[in-house]
Amino acid sequence: SLFSIAWTGARFVAVGEKGLRLESVDAAHWSSVPSGTANDLYRVRAIGSDVVAVGQGGTILKGSCSPERAIAAPASTRSNRGRTREERPRS
């Protein structure tokens with residue numbers, strides 16, 4: 001499944017499940033491009049000719065969204081209430 005698409009002015013970039021990333025210059029013919037992640041990618045936005053994609057677990061891909069530009073997703077520890085450590089109120 002695809003979740004988001006963006007136009008950079010030169011190409012369309014679509015992202016989706018399990019790191020799926022597709023690109024097209026005409027919206028009729030699409031090519032799969034490695035994203036560097038197996039996490040779901042929920043949104044992609046164009047910033048000039050570059051793109052930023054965000055996804056599951058805090059995954060952020062920026063620039064050309066190539067694997068070498070991937071930013072590691074932050075680790076998250078769930079408490080027994082379902083909140084991450086960072087979300088728990090401080091005492």
Return yes or no: is residue 57 in contact with a helix residue (DSSP H, G or I) (Cβ under 9 Å, 6 or more places away or on another chain) and modelled with pLDDT under 95? no
In the stretch 3-20, residues that are surrounded by 14 or more Cβ atoms within 10 Å (Cβ to Cβ) and under 13 Å from the mean Cα position of the chain (by Cα) total 11
Could you please give the count of residues in the stretch 21-46 that are in contact with a strand residue (DSSP E or B) (Cβ under 9 Å, 6 or more places away or on another chain), open to solvent by 60 Å² or more (accessible area, probe 1.4 Å) and either closer than 15 Å to residue 63 by Cα or not polar (S, T, N, Q) (or both)? 7
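The values are calculated or read from the model by the stated rules, or taken from the named source; none is laboratory data. Because the structure is predicted, anything quoted here is derived from the model rather than measured. Reconstructed Cβ throughout: ideal geometry from the backbone, glycine too, with neighbour counts over all protein chains shown. Surface areas here come from the heavy atoms of the whole protein model, side chains and all, with no ligands, DNA or RNA. Shrake-Rupley method; radii C 1.70, N 1.55, O 1.52, S 1.80 Å.
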